[in-house]
Amino acid sequence: MSLIDAENVTVRLGGQTVLEAVDFRIARGEIVTVVGPNGSGKSTLIRTLVGALRPARGRVRRAPGLSIGYVPQRLHLDETMPVTVGRFLDLPDPQPPEAVAAVLARVGLPGLVGHSLRGLSGGQFQRVLLARALLRDPDILVLDEPTQSLDQPGTAEFYKLIEQVRAETGCAVLMVSHDLHVVMSASDRVICINGHVCCEGTPTVVSAAPEYRALFGPGTGGTMALYRHEHDHGHEHAHAHGPGDG
């Protein structure tokens, strides 16, 4: 059974149609990445799938009791408040100290529970946000462009960590990203949107699809060989869609 299943979803914001006739599903343990140019509706799709937005048309079904762990694009903190990593992970509800220690170790930050958030690097802070999401023991981990502030090596390491978390916990992962080369290689399936679903399939197939190359240029698949991921779950064909199709 799919964890989230969306059918013919259309979303309007401020009188404008942002997404039209989108079909989407994600199964347990699957890593799905949503890519698209700026303003293509990527974040709107995520917000609709998790229930933060209601579609104007279509429907979204979520598995009963679905637990969602969310890692945002960025989080602005009050610089004047000396908040420790442990205190941050305790918000809004206190967590068992052993659970906090375990999740920090899982994301590669053992022993940082007493450190100030202000003293963390960008990469460390993103791992703390990931740790916070994992404390929910999520069925699905949702990441909305989580590596915007990281350099390329930091980005690659973060996505390796995401793959490791999926392998250890069995949770599904739904990501939105601009990091085409690295993030696509870490995915089982890629969905390219631009107000509608342009194409979808395995990273290798989507990177070669005319619809994808029309949006991102013919050279966008070139460096994927550096990071090529050996996932193959039977999605051998990219499915191209016109503006009126799901």
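Side notes on the structure shown:
- Where a residue in the stretch 51-69 is at positive phi and its partner, wherever it lies, is β-branched (Val, Ile, Thr), with Cβ under 8 Å and at least six apart: GLY51/VAL60; GLY58/VAL9; GLY58/THR10; GLY58/VAL22
- Test set (1) within 22 Å of ASP139 (Cβ to Cβ); (2) at pLDDT below 95 - LEU75 fails condition number: (1)
- Test: residue in the stretch 57-76 that is of a type in the set (Ser, Thr, Tyr) and either over 18 Å from LEU3 (Cβ atoms) or in contact with an Asp or Glu (Cβ under 8 Å, 6 or more places away or on another chain) (or both): yes
- Filter pass, LEU66 being of a type outside the set (Lys, Arg), part of a loop (DSSP other than H, G, I, E, B) and either surrounded by 17 or more Cβ atoms within 10 Å (Cβ to Cβ) or at pLDDT below 95 (or both): no
- The listed residues are VAL142, VAL107, and the only one of them that is among the β-branched types (Val, Ile, Thr), at negative phi and over 13 Å from the mean Cα position of the chain (by Cα) turns out to be VAL107.
- Residue tally, condition without any contact (Cβ under 8 Å) to a residue 12 or more places away in the chain and part of a loop (DSSP other than H, G, I, E, B), over the stretch 71-87: 4
- Condition check for THR44: without any contact (Cβ under 8 Å) to a residue 40 or more places away in the chain and touching a strand residue (DSSP E or B) at 6+ places or on another chain (Cβ under 9 Å): yes
- Selection from the stretch 88-105 of residues that are surrounded by 13 or more Cβ atoms within 10 Å (Cβ to Cβ) and either touching a residue at least 12 places away in the same chain (Cβ under 8 Å) or farther than 19 Å from GLN164 by Cβ (or both): PHE88, LEU89, ASP90, GLN95, ALA99, VAL100, ALA101, VAL103, LEU104
- Some residue of the stretch 93-107 being within 22 Å of GLY51 (Cβ to Cβ), among the aliphatic types (A, V, I, L, M) and part of a helix (DSSP H, G or I): no
- Among all residues of the stretch 13-22, there is at least one that is of a type in the set (Gly, Ala, Ser) and either exposed (fewer than 14 other Cβ atoms within 10 Å of the Cβ) or assigned to a loop (DSSP other than H, G, I, E, B) (or both).
- Search result, residues across the stretch 114-138 that are surrounded by fewer than 16 Cβ atoms within 10 Å (Cβ to Cβ), under 25 Å from the mean Cα position of the chain (by Cα) and more than 18 Å from ALA172 (Cα to Cα): ARG118, SER121, GLY122
The values are calculated or read from the model by the stated rules, or taken from the named source; none is laboratory data. Note that the structure is predicted; figures quoted are calculated from it, not measured. Ideal geometry is used to build each Cβ from the backbone, glycine not excepted, and the neighbour counts take in all protein chains shown.
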